[in-house]
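Before any comments, here is the structure.
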Amino acid sequence: MTAAAIQYLKSPELVVKVQEFFGIEYLKQQKEKIDSGEQTNNSNGHGSWPDKKKAANGTATTVTNDRNDKNLAQDSNNDEKYRVNNKFWYYFFVIGTELGDEIFYATFIPLWFWNVDSAVGRRVVMVWSAIMYVGQTLKDIIRWPRPSYPVSRLQKKWALEYGMPSTHAMVSVAIPFSVLIYTYDRYIYSLPFGLAFALVWCAVICFSRVYLGMHTVLDIIAGLVLVVLLMIPLIPIVDTLDYIIVTSRWSPIFVLTVSITLIVFYPDSGIWTPTRGDTTLTVSVCAGIEIGAWLHYMLGDFTAPINPPPYEIIWPSYAMLGMLLLRTVLGLCCIVATRALGKSISYAFVCFLLGRDKNELRRSENTLENKNKIIVELSYKFFTYGMIGFNTQYLLPTVFKLLRIGRPDFYTEI
């Protein structure tokens with residue numbers, strides 16, 4: 001790829017063209033500036049890229065100038081910038097981008113474990129965690145900003161993170177295609193249909209990130225190329241590693257040591273961003289799930305399946321559907337409770353160990369110089385989301401079994 005091609009794919013003007021194609025109308029004053037190629041810095045109120053400034057007391061702080069509205073974006077002077085003319089594409093891409101977001105992970109992962117196949121689920125989570133860690137780490141090493149002026153952003157979330165590569169694009173490949181790969185030899189279904197579904201899933205997420213103004217086209221392409229290169233060795237490694245972790249006596253020590261090491265030695269981004277905390281979340285969920293599966297095996301809960309794969313897909317009857325809904329509602333309520341309770345207890349406990357008031361620390365600024373807040377944030381996320389992973393794999397399936405609403409083949413999925 002030539003330097004000119006890279007600059008073109010990286011240009012914010014290309015993002016504007018994609019937005020306009022899907023019905024975003026840049027209003028007259030803004031359009032004249034785009035056409036004339038006028039450039040400004042990121043502090044002009046049009047973007048939300050973080051700018052590290054000094055406060056009056058000399059403390060470094062991260063500031064942002066983001067504005068967001070469903071139909072009309074405004075800058076700091078309340079000048080109209082764009083209008084959404086096609087509501088279908090707006091809502092389609094706003095919903096589509098959530099397929100690579102925390103809300104989706106928090107529902108998809110438990111639902112898959114409790115209602116489909118935990119053996120496949122563990123492998124998919126491990127691939128997801130590894131891909132996210134590499135992608136988030138590279139963001140803070142490369143430090144390329146998200147699209148700036150003249151792009152108008154239709155979403156605030158993640159605006160403080162760097163943009164290259166797009167981890168949404170990486171996850172858009174990692175999750176559906178790892179599910180496809182790990183289920184292909186395990187269940188009997190149409191491969192062309194599964195492949196088409198995965199491709200549509202990937203396309204929706206990737207287009208949504210450009211449409212919302214959160215990534216350049218180059219960010220998306222880099223994420224897609226990187227995830228393909230990573231998954232080629234990762235898929236067989238994870239398949240073998242999951243079985244070793246589940247069946248080896250000292251696995252919890254190995255899992256916890258690796259997880260904590262990855263979090264502690266996460267690269268310094270130069271400014272505070274939420275990336276490190278989000279990466280801690282993915283690592284801890286994976287660790288909790290693997291330790292939960294290990295405990296099942298050590299207690300003798302897991303047994304080999306009577307019949308080897310591949311298996312016919314059994315579509316749920318009304319009775320099975322009722323059990324599925326009951327498991328899902330009860331389980332998700334417990335997950336929400338685990339998150340609230342775990343965060344509250346772990347945050348207060350770590351603040352006590354550091355000798356800091358938790359309310360005062362919460363109100364303090366998010367900067368790299370605020371070491372205590374970073375330690376508390378990473379600690380509570382590691383504990384809380386590790387417990388969510390553990391409960392998803394071990395505690396809640398055990399409760400379902402006691403209540404006689406568990407999935408019968410759950411304990412055959414080593």
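Observations on the model:
- Available extension along the chain between Val399 and Leu321 is 26.2 nm, counting 0.36 nm per residue and deducting the alpha carbon span.
- Ignoring the sites themselves, the chain has its longest run without GluC sites (Glu not before Pro) in a DSSP loop having at most 16 other Cβ atoms within 10 Å at 39-364.
- Probing with 1.4 Å while keeping every protein chain in the model, the per residue accessible area of region 198-322 equals 49 Å².
- Amide H contacts of Tyr187 (H built 1.01 Å from N, under 5 Å, at least 5 apart or other chain): Tyr311
- Efficiency of FRET between Ile188 and Leu299 - r from beta-carbon atoms, R0 45 angstrom, step 0.05: 0.90
- Chymotrypsin sites (Phe, Trp or Tyr not before Pro) lying in DSSP loop within region 197-304, provided at most 14 other Cβ fall within 10 Å: Trp250, Phe265
- Modelled label positions at Ser248 and Ala337, each set 7 Å beyond Cα in the direction of Cβ, lie 3.5 nm from each other.
- Amide hydrogen neighbours beyond the local backbone of Tyr82, cut-off 5 Å, H modeled: Leu27, Ala73
- To the nearest ten degrees, helix 102-115 and the longest principal axis of the Cα atoms of the chain are 20 degrees apart.
- The stretch between Thr412 and Asp101 holds 108.9 nm of extra length on full extension. This uses 0.36 nm per residue minus the Cα-Cα distance.
- For the chain, the share of accessible area belonging to carbon and sulfur comes to 67 percent (1.4 Å probe, ligands and nucleic acids excluded).
- Nonlocal amide H pairs with Gln155, under 5 Å, H built at 1.01 Å: none
The values are calculated or read from the model by the stated rules, or taken from the named source; none is laboratory data. Quantities reported herein were computed from a predicted structural model and do not represent experimental measurements. Cβ: placed from backbone, ideal geometry, glycine included. Neighbour counts: every protein chain shown. For accessibility, only protein heavy atoms count, side chains too; no ligands or nucleic acids. Shrake-Rupley method; radii C 1.70, N 1.55, O 1.52, S 1.80 Å.
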